[in-house]
Structures are given as structure tokens and as C-alpha cells.
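The values are calculated or read from the model by the stated rules, or taken from the named source; none is laboratory data. Just so it is clear, the structure is predicted and the values come from calculations on it, not from any experiment. No Cβ is skipped: glycine too gets one built from the backbone with ideal geometry, and neighbour counts run over all protein chains shown. Surface accessibility is based on the protein's heavy atoms, side chains included, excluding ligands, DNA and RNA. Shrake-Rupley method; radii C 1.70, N 1.55, O 1.52, S 1.80 Å.
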Amino acid sequence: MKKYLFSVILFCTLLLFSSCNDKKGCPSSAEYDASQFVELSEIVPDVILEIRYFSTYNFIGRRIPGYEQPIALLTRRAADSLRVVSDELKEKGFRLKVFDAYRPQCAVDYFMKWAKDSNDTLMKQYFYPELDKSVLVPQEYIAEHSGHTHGSTIDLTLFDMNTEKEVDMGCTYDYFGLASHPDVLPGQTIGAYKPISEEQYKHRMILREAMLAHGFKPYDCEWWHFTLKDEPFPDTFFNFPVSVEALTK
């Protein structure tokens, strides 16, 4: 009986240790300064949030470490600029829909860890059907550092207020492949996806032009990705969690 109890205790201890190791690199109680960050919906009240990394619908298929609440955090400077973008696009019948904003470094580390596991391809058919997982890091779809960690980069799309639907941009957010490139022209062959239509291209340009007009710069490989040109923390990799509590520490 004593041997049995010892075995159970040992098993539970190992299980707990394993669970802790899975969370290695996640935000801790270490000091950080989030005083210049805000909750985006407080500054841009019309924004629609679909925080993919808080859910299981993302390229990994699990909630990502560091995303404790389905909210978007951003530096105040970037949020103020995005408010101007939102106001302009509302006049054209659109609202902004955000997939991701500030991203803690522990989430980026988790992406890298996932990328090295060749057997974990749960969401391949949805997000990278054209590519072998082994090329995601060499082709820089996954990297050790992300502009999101500086706090002034945002992933977003347009929501049509007339149809009450997200507009068609030609491919899904976080798609790894040529279809995600914003400069793909209508009719151009793009692998697993059908060629971009004139309307899809127009939607991409509406978003792009509004963002560029108000201080954001685009990323060549992702139609949804923009960074504030004069971001306040270009060399800082923050690692506090995505939560309201993080802003009040």
C-alpha cells in the first residue's frame, strides 16, 4: 500500500513539474512598466475585437501563453493614431476589426517552440496548406522577435457596416503564403488560393491607404500588419500579459 501511495505521489509531482515547464517563459511577477499602454477599446470604442491568440482558432490551434483576456493592448501613441484611422473609415462605412495588437515575448517564444515540432501540424490545412512546416522559420513567417512585442504594431481588417460582415480580403488572417502579400495583383496566380479579385484588392487598398495616411507603415508580406512609424519603444521586448490587470500594476 505504501509503495502504491508513493508511486501516486511521485506521478503527481512529475505531472506538476511538467505542467510548470510548459509555462516556462510566460509572464511572471517580474517588474515591468506598462504605464504607456492602454486598452484599445477604451480609445477606439468602435473597434471590433477577435483576439485569435486567446482562442483556439489560430495557426497553432491552442490558446497562446500570455493571452489572459480577449482584449487588445497598445501604446497610447499608437492607439491615438488608430482612433483617427477609425473615424475616417467610419465615414466610408467601415469599422476596424482587430486580431492582435501588443504580443508578449513569451507568446513569440511559444511560436518558435511550436515551429520546431514537426509533428504538430493541427492547423496546416487552414493556415499553411502550401508550405511544409519546416520552412516557416527560414522564410521568416515565424521569428524569435516580433514588432508586436514593442507595443505599437497591430493586425486588423475592415468590417462592413452595411453588410454587417468582415470584408473579403482574399485570404484569411495569418495565412502563411503568397496570398497574404498585399501587393498581389488581381488575377495573379497565388498557389492554393484563387486569384485575388478586383474587389478584394480594393478592400486591401482601402485599409492600407487609411493606415499609411495616419502614421502607420505596412509589412510587405501581410495585408493585415501595420506598425506606427514613430513607435515609442522600437527596441523594447515587453513580456507582461495581455490583461487589464497588467495596466494597473
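Rounding to the nearest 10 and keeping the result within 0 to 90°, find how far the Cα-based axis of helix 76-90 lies from the longest principal axis of the chain.
50
Quantify, in whole percent, the carbon and sulfur part of the accessible surface of region 187-249 (1.4 Å probe; protein heavy atoms only).
52
What residue among 240, 215, 94 has its Cα farthest toward the positive end of the dipole of the chain, where the charges are +1 on Lys, Arg and -1 on Asp, Glu, each on the Cβ?
The one lying farthest along the dipole's positive direction is 240.
What are the residues whose amide H is under 5 Å from the amide H of residue 100, where those residues sit 5 or more places off or on another chain and H is modelled from the backbone?
155
Can you bin region 141-249 into rounded, prolate or oblate? Criterion: square roots of the alpha carbon gyration tensor eigenvalues sorted a ≥ b ≥ c, rounded for a/c under 1.5, prolate for a/b above b/c, oblate for the rest.
Prolate shape, in that a/c is at least 1.5 and a/b is the bigger ratio.
Give the shape of region 79-132 as rounded, prolate or oblate, defined through the alpha-carbon gyration tensor: a ≥ b ≥ c are the square roots of its eigenvalues, a/c under 1.5 means rounded, and otherwise the shape is prolate if a/b is larger than b/c and oblate if not.
oblate
Explain nothing, just compute: Karplus ³J(HN,Hα) = 6.51 cos²θ - 1.76 cosθ + 1.60, θ = phi - 60°, for every residue of region 167-184 in order, whole Hz, x for Gly and Pro.
6, 8, 9, x, 7, 6, 4, 6, 6, 8, x, 4, 4, 7, 5, x, 8, 5
Please give the per residue accessible area of the chain, computed with a probe of 1.4 Å over protein heavy atoms only, in Å².
52
So what are the radius of gyration and Dmax for the Cα set of the chain, in Å?
Cα radius of gyration and Dmax of the chain are 20.0, 74 Å respectively.
Using the crude model of +1 on Lys and Arg Cβ and -1 on Asp and Glu Cβ, and no other charge, please compute the dipole size for the chain relative to its Cα centre, in debye to 20.
Its charge dipole is roughly 920 debye.
Where does helix 2-22 land angle-wise versus the long Cα axis of the chain, in degrees 0 to 90, nearest 10?
The two axes meet at around 20 degrees.
Using only helices, what value at 222 nm comes out for the chain when you add -39,500 (n - 2.57) per DSSP H run of length 4 or more and divide by the total residues, to the nearest 500 deg cm²/dmol?
-9000 deg cm²/dmol
Grab the other residues whose beta carbon is less than 10 angstrom from that of residue 222, score K and R as +1, D and E as -1, and report the net.
Local net charge: -3.
Determine the alpha carbon to alpha carbon distance for each of 133/202; 124/249; 97/124 and list only those over 29 Å.
133/202; 124/249
Under a point-charge model restricted to the Cβ atoms of Lys and Arg (+1) and Asp and Glu (-1), what is the dipole moment magnitude of region 31-103 relative to its Cα centre, in debye to the nearest 20?
Taking the Cα centre of region 31-103 as origin, the dipole is about 340 debye.
Where does helix 105-115 land angle-wise versus the long Cα axis of the chain, in degrees 0 to 90, nearest 10?
80
In Å, what is the Rg of the alpha-carbon atoms in region 204-249, and how long is Dmax?
Rg then Dmax for region 204-249, in Å: 13.9, 39.
Less than 12 Å Cβ to Cβ from residue 100, Lys/Arg counted +1 and Asp/Glu -1: what total charge do the surrounding residues give?
Charge balance near residue 100 sits at -1.
Express the relative contact order of region 99-249 as a whole percentage, based on alpha carbon pairs under 8 Å and six or more residues apart in sequence.
Value for region 99-249: 29 percent.
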